[in-house]
Amino acid sequence: MSTELWYALVGVVLVAVSFGAFMAHTHLFRRLLAFNIMGTGCFLILVGLAQHERAPDPIPQALVLTGIVVAVASTALALILLRRWFAATGRTTLPEEDDA
Amino acid sequence: MNRRRVFTSVALSVGLAVMLGGAVLTRTVPPFDLAVDLAKGIPQSGVTHPITAVLLQFRSYDTLLEIAVLLVAVVVALALRDPQGAHSAAPESVMVDSVITTPVLASLTLMLLPLMIMTAVYLLWAGAFQPGGAFQAGAVLAALGILWRVSGRRIGPFATNRWQHVALLSGFAAFLAAATSTLLFGRPLLAWPFSYAGLIIVAIETVLTVSIGISLLGLFASAPEPVDKRA
Amino acid sequence: MTEPLVGATLLPLAIVVPLLWAVLTLVRPRRRPTWLVLPGLVSWLAICAGLWWQTSRHGVLTHVLGAWPEPLGIALRADGLGSTMALLTSVIGSACALYRLWTPMDADTLGAQHWFWPLFFMFGAALNAVWLAADLFNMYVGLELLGLSAVGLVAISGGANALAAALRYLLAALLGSLAYLLGVALLYAAYGSLALSSIAAVATPNTITYVALALITAGLCLKTALFPLHAWLPPAHAVSLSPVSALMSALVVKASFVMLLRIMMDVGVSIVTPSLAQGLGALGAGAIAWGGWQALRHADLKMLVAHSTVAQIGYLFVGMALLLGGSAPELAWDGLMLQLVAHALAKSAMFLAAGTLIAAVGSYRVADLAGVSRHTPMALFAFGLAGVSLMGLPPSGGFSAKWLLLQSALASGQWHWAVALIGGGALTAGYIFRVLGASFKQGTGDTFESTPFGWDVVALLLALSSIVVGVVATGPLAVLRIGAPLAGATS
C-alpha cells in the first residue's frame with residue numbers, strides 16, 4: 001500500500017465519521033466542525049487517490065488550495081450567521097431541532 | 001441525542017465508509033495524465049513552480065472565482081455587522097471577551113509585527129519557484145491582524161475606513177481588470193501574453209495578498225459582539 | 001469570419017460584466033444606486049441576448065480560457081441550453097432588479113440592505129458561470145459562489161427568521177457541494193481529467209464511477225431540493241425579500257439541476273441505469289404530491305408559493321426520468337427545456353406578484369387577502385396568469401412543456417408519469433384557486449397600502465412571457481436542441 005492510498009483511506013474514514021457526526025448533532029457549531037473535517041477528508045482523498053501509483057501531480061494539489069479557500073470563506077460565513085443567530089435568540093440549534 | 005437519530009447517523013456513516021472505501025480501493029490507473037501536459041506547458045507559463053502555474057495560468061479562472069467567493073463572504077459579513085440599523089456604541093470595537101490582557105501577548109505582538117510582515121513578503125516572492133504564493137502570504141498577514149486585535153489594539157473601523165475598503169476590493173478588482181484586459185488585445189480571457197506572464201502573475205499575487213489578508217481579518221472581526229446570555 | 005469570434009468573446013463577458021458591476025456597486029454601497037445599476041442591467045441583457053443569437057446561428061460556441069486547451073486548461077461552452085438559461089437569467093434578473101429599485105425604502109431601512117447590489121451581481125455572475133461551464137471543478141467553484149451569494153441575499157432580508165433560514169440553507173448547500181466535490185475527486189482519480197467532454201469519451205461503468213456519480217447525484221439533488229431533501233427550501237424562499245425569492249425559485253435550483261443533467265448525459269450516458277432514472281422520477285412524483293399538498297395547507301402565501309416550487313421541481317425529475325429511461329428522449333428533452341424556461345418565468349412572476357399583494361394587504365396570510373382584487377387587480381392578474389402556466393393550461397409555456405412530457409411518457413409506455421403530470425396539474429389548480437378565491441372575497445373594509453405601479457408591470461410582463469413562450473415555442477426549442485447530447489441533435 002502506497003502512502004497516497006493510505007492518505008485516501010484516512011480521508012475516507014474522516015469523511016464517514018464526520019458525516020455521521022454532522023447528521024447526529026443538532027448543535028450548529030458541532031455541525032460546522034463536522035463539515036470542516038469532512039472537507040479535510042475530501043481533500044485528502046483528492047490528493048491521495050489521484051497520486052496513487054502515479055507521479056506527483058500538481059493539479060489536485062492546486063485544486064485543494066482552491067478548495068481550502070472556499071471552505072474557509074464558507075465556514076467564516078456560517079460562523080458569522082451562527083453568532084448573529086445566537087446573539088438574536090440565544091439558541092445554538094435551529095428552531096425545529098430544539099424539541100429533539 | 002435520541003437513539004433513533006444516533007442509530008441512523010451511524011448507519012449512514014458506515015454505509016458511506018463502505019461505499020467510499022470500495023471506490024478508493026478499486027481504482028485503476030487513469031487514462032489521462034495531465035502532469036505530462038503540465039510539464040510541457042511550464043516553460044511558457046512565466047513561473048517555474050507547477051502549483052503556482054496551475055493556479056494562475058492553466059486554471060486561473062478557478063482562482064478568479066474563488067477570490068470572488070471570498071469577497072462575497074466578506075460582503076455578507078459586513079452586511080450583517082449591524083443588523084439593527086442603529087449604530088451601536090462601538091460597532092468596530094474589539095470583542096470584549098476575546099482580548100487577552102497579558103503584557104506578554106502585547107509585547108510579543110509588537111515584536112512579531114515586522115517578522116510576520118517579512119515572512120508574508122517572502123512567501124509571496126517565493127511562490128514563483130517553491131511552495132508559497134498569495135494565499136499563504138495573505139493568511140500570515142491575516143494572522144498578524146488577528147493577533148493585533150486579540151492583544152487589545154484597534155485597527156480602526158472596518159469598511160468605513162476608506163483605505164481598508166479599497167484594500168478589500170483591490171485584489172479582486174485588479175485580477176478582474178487584468179483578466180479582462182486580455183480580451184481587449186483579441187486574446188481569450190486570462191491569456192497572459194508570454195513575455196509579460198511572469199510579471200503579471202507577480203503583480204496580481206501582490207495585490208491579492210493584501211486583499212486576502214484584509215478579507216480574512218474582516219471575516220474574523222465582523223463577528224458580532226457577545227451579548228448577555230439571556231433567552 | 002469575425003462573427004464566430006464575437007460570439008466567443010461574448011461568452012466570458014457574460015460572466016465578467018456582472019462581476020465588474022459587483023465591484024462597482026461595492027465601491028460605495030448605497031440603498032438605491034439607480035444610475036449605476038441600470039447600465040449594468042442593460043449591458044448584461046445585451047450580452048446574453050447577443051450570445052443567444054450567436055448560438056442560434058453558429059451552433060455551440062467555445063471559449064478557451066487562458067489559451068490553454070482542455071483538459072489541462074478550462075473552456076467555457078455555450079450550447080443551446082446554456083445560452084438560453086443565461087438569457088433567462090438576465091431577463092429575470094433585470095426584472096427583479098427593477099422591482100428592487102422601485103421598492104420604497106425609508107430612512108431607517110436596515111443597514112444590511114445597502115449590500116444587496118454587490119450580492120445580486122455576484123449571484124448573476126455565478127449563475128452565468130454555471131450555465132456556461134464545461135469543467136467539473138469549475139462548476140464546483142461557480143456553485144459555491146452561487147450558494148454563498150444566495151445565502152447572503154437571504155440573510156440580509158432581516159430578522160431572526162431570515163438568519164435561521166439562511167443558516168439552514170447554508171448547511172444544506174455546503175453538504176451538497178461537498179458531496180459533489182467528493183464525486184469529482186473520485187472522477188479525477190479514476191480518469192485524470194476534469195473536462196466533461198474528455199471524461200465522457202472514456203467513462204467506464206466500474207465501482208469508482210458508480211460511487212462518484214451516486215455522490216454527485218445526491219449532492220446536486222440536495223441542492224435542487226428534490227423531495228425528500230427539500231426541507232431547507234420553503235423557509236429560505238418564504239422569508240426572503242420578494243425579488244430574492246423570485247430569483248432563487250426561478251434560477252438557483254435550476255443551476256444544480258442543469259449541472260446534474262449535463263453530467264448524467266455526458267459522463268453517465270453509458271453508466272446511468274434505467275432504474276436510477278426511474279428512481280429519480282419516483283422522487284420527482286413524490287415532490288409533486290408532497291409540494292402540492294403542503295401548498296394546499298399553508299396559511300402563509302409565500303410558503304404556499306415556495307411549496308409550489310418544491311412540486312414543480314418534481315416535474316423536472318420526471319422529465320429527466322423520461323429523458324434517460326424512456327424511448328422518446330427528444331420529446332422529453334423539449335418538454336424538460338420548456339419546463340425549465342416556463343417555470344422560471346411563471347414562478348418569478350408569482351413571487352413578485354405575491355410580494356405586491358402582501359405589501360398591499362400588510363399581512364402574509366392567504367386568508368387576509370380578502371378584497372385585494374379590487375385594490376391591486378394587476379398584481380392579482382399577474383399571479384393568476386403565472387398560475388395558468390404552472391397549472392399547465394393552454395396556451396401557456398407550462399402547458400406545452402407538460403404536453404411534450406406527456407407525449408414522451410405515452411410513447412415510452414410509462415403511464416405512471418402521465419398520472420403524476422396530470423395529478424400535479426390538478427393539485428396546482430387547487431392551491432392557485434385557493435389564493436384567487438381568497439382574493440375575490442369581500443374585504444371587511446380594511447385599509448390597503450398603495451404599491452408601486454412598476455411592481456405590477458414587472459410581474460405582469462414576466463407572467464405574460466411564461467404564456468408567450470408556450471405559443472412561440474418552436475424557435476426557442478430549436479435553439480435549446482443545439483448541442484444537446486441526443487442522437488440526431490444538431491451541434
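The values are calculated or read from the model by the stated rules, or taken from the named source; none is laboratory data. Values in this document were obtained by computation on a predicted structure and should not be read as measured data. Note that each Cβ is placed from the backbone with ideal geometry, even for glycine, and that neighbours are counted across all protein chains shown.
With respect to being of a type in the set (Gly, Ala, Ser), out of contact with any Lys or Arg (no Cβ under 9 Å at 6 or more places or on another chain) and closer than 30 Å to B:Asp37 by Cβ, C:Gly281 falls outside the description.
What are the residues in the stretch B:183-226 that are of a type in the set (S, T, N, Q), surrounded by 20 or more Cβ atoms within 10 Å (Cβ to Cβ) and at pLDDT 90 or above, if any?
Passing the criteria: B:Thr209, B:Ser211, B:Ser215.
Pairs are defined by a Cβ separation below 9 Å, a sequence spacing of at least 6 or placement on different chains, a first member in the stretch B:43-59 that is more than 7 Å from chain A (Cβ to nearest Cβ) and on the phi > 0 side of the Ramachandran plot, and a second member that is crowded, with 22+ Cβ neighbours inside 10 Å and modelled with pLDDT of 85 or more; the pairs so defined are B:Gly46/B:Ala53; B:Gly46/B:Leu56; B:Gly46/B:Gln57; B:Gly46/B:Trp192; B:Gly46/B:Ile201.
Among the residues of the stretch C:185-203, none qualifies, meaning not one is closer than 30 Å to C:Met303 by Cα, polar (S, T, N, Q), in contact (Cβ under 8 Å) with a residue 60 or more places away in the chain and not in a helix (DSSP H, G or I). The set of residues in the stretch C:52-70 being within 14 Å of another protein chain (Cβ to nearest Cβ), in a helix (DSSP H, G or I) and touching a residue at least 24 places away in the same chain (Cβ under 8 Å) consists of C:Leu65 alone. Within the stretch A:25-51, the only residue that satisfies the criterion of being in contact with a Lys or Arg (Cβ under 7 Å, 6 or more places away or on another chain) and not in a helix (DSSP H, G or I) is A:His25. In the condition set (1) touching a residue at least 24 places away in the same chain (Cβ under 8 Å); (2) farther than 13 Å from C:Ala346 by Cα; (3) surrounded by fewer than 24 Cβ atoms within 10 Å (Cβ to Cβ), C:Ser400 is compliant with all but (3). Scanning the stretch C:125-179 for residues that are out of contact with any Lys or Arg (no Cβ under 9 Å at 6 or more places or on another chain), surrounded by 24 or more Cβ atoms within 10 Å (Cβ to Cβ) and polar (S, T, N, Q) yields C:Asn128, C:Ser149. C:Ala160 meets the conditions (1) more than 20 Å from the chain's Cα centre (by Cα); (2) closer than 24 Å to C:Asp266 by Cβ; (3) facing another protein chain (nearest Cβ under 7 Å) in every case but one. The failed one is (2).
Residues in the stretch C:38-51 include at least one that is surrounded by 16 or more Cβ atoms within 10 Å (Cβ to Cβ) and touching a strand residue (DSSP E or B) at 6+ places or on another chain (Cβ under 8 Å). Residues that are in a helix (DSSP H, G or I) and of a type in the set (Val, Ile, Thr) within the stretch C:204-224 comprise C:Thr207, C:Ile208, C:Thr209, C:Val211, C:Ile216, C:Thr217, listed in sequence order. Within the stretch A:29-49, being in contact (Cβ under 8 Å) with a residue 12 or more places away in the chain and facing another protein chain (nearest Cβ under 7 Å) holds for A:Phe35, A:Met38, A:Gly39, A:Cys42, A:Ile45, A:Leu46, A:Leu49. Considered as a group, the residues in the stretch C:407-425 that are free of Cβ contacts under 8 Å to residues at least 40 places away in the same chain and among the hydrophobic types (A, V, I, L, M, F, W, C) include one that is surrounded by the most Cβ atoms within 10 Å (Cβ to Cβ), and that residue is C:Ala418.
In the stretch C:77-96 there is no residue that is in a helix (DSSP H, G or I) and either within 14 Å of chain B (Cβ to nearest Cβ) or out of contact with any helix residue (DSSP H, G or I) (no Cβ under 8 Å at 6 or more places or on another chain) (or both).
Of all residues in the stretch B:166-194, those that are closer than 14 Å to B:Thr206 by Cβ and more than 8 Å from every other protein chain (Cβ to nearest Cβ) have Cβ atoms under 6 Å from Cβ atoms of residues that are surrounded by 21 or more Cβ atoms within 10 Å (Cβ to Cβ) and among the hydroxyl-bearing types (Ser, Thr, Tyr), 6 or more apart or on another chain, in B:Ser170/B:Ser211; B:Gly171/B:Ser211.
Taking the stated definitions as given, is C:Lys441 charged (D, E, K, R) and modelled with pLDDT of 90 or more? When the stated conditions are applied, C:Lys441 does not pass them.
Determine whether A:Thr3 is more than 7 Å from every other protein chain (Cβ to nearest Cβ) and either under 12 Å from the mean Cα position of the chain (by Cα) or touching a residue at least 60 places away in the same chain (Cβ under 8 Å) (or both). No: the conditions fail for A:Thr3.
Under 8 Å between Cβ atoms, which residue pairs at least 6 apart in sequence (or on different chains) link something in the stretch C:470-486 that is aliphatic (A, V, I, L, M) with a partner that is surrounded by fewer than 21 Cβ atoms within 10 Å (Cβ to Cβ) and at pLDDT below 85? What qualifies is C:Ile482/C:Ala489; C:Ile482/C:Thr490; C:Ile482/C:Ser491.
Selection within the stretch C:163-182: residues that are within 10 Å of chain B (Cβ to nearest Cβ) and farther than 16 Å from A:Val70 by Cβ. The member of this set that is modelled with the lowest pLDDT is C:Leu163. A search for C-beta distances below 6 Å between a residue of the stretch A:51-71 that is more than 7 Å from chain B (Cβ to nearest Cβ) and any residue that is at pLDDT 95 or above and outside any helix (DSSP H, G or I), counting only pairs 6+ apart in sequence or on different chains, returns nothing. For the stretch B:108-125, check the following and say yes or no: at least one residue is touching a helix residue (DSSP H, G or I) at 6+ places or on another chain (Cβ under 8 Å), touching a residue at least 60 places away in the same chain (Cβ under 8 Å), within 30 Å of C:Leu13 (Cβ to Cβ) and surrounded by 12 or more Cβ atoms within 10 Å (Cβ to Cβ). Within the stretch B:108-125, none of the residues are touching a helix residue (DSSP H, G or I) at 6+ places or on another chain (Cβ under 8 Å), touching a residue at least 60 places away in the same chain (Cβ under 8 Å), within 30 Å of C:Leu13 (Cβ to Cβ) and surrounded by 12 or more Cβ atoms within 10 Å (Cβ to Cβ). Of the helices (runs of 4 or more DSSP H) lying entirely inside the stretch C:301-420, those containing at least 1 residues that are more than 30 Å from C:Ser439 (Cα to Cα) and among the acidic types (Asp, Glu) span C:329-361.
Against the numbered list (1) within 23 Å of C:Leu345 (Cβ to Cβ); (2) touching a helix residue (DSSP H, G or I) at 6+ places or on another chain (Cβ under 9 Å), C:Val472 comes up short only at (2).
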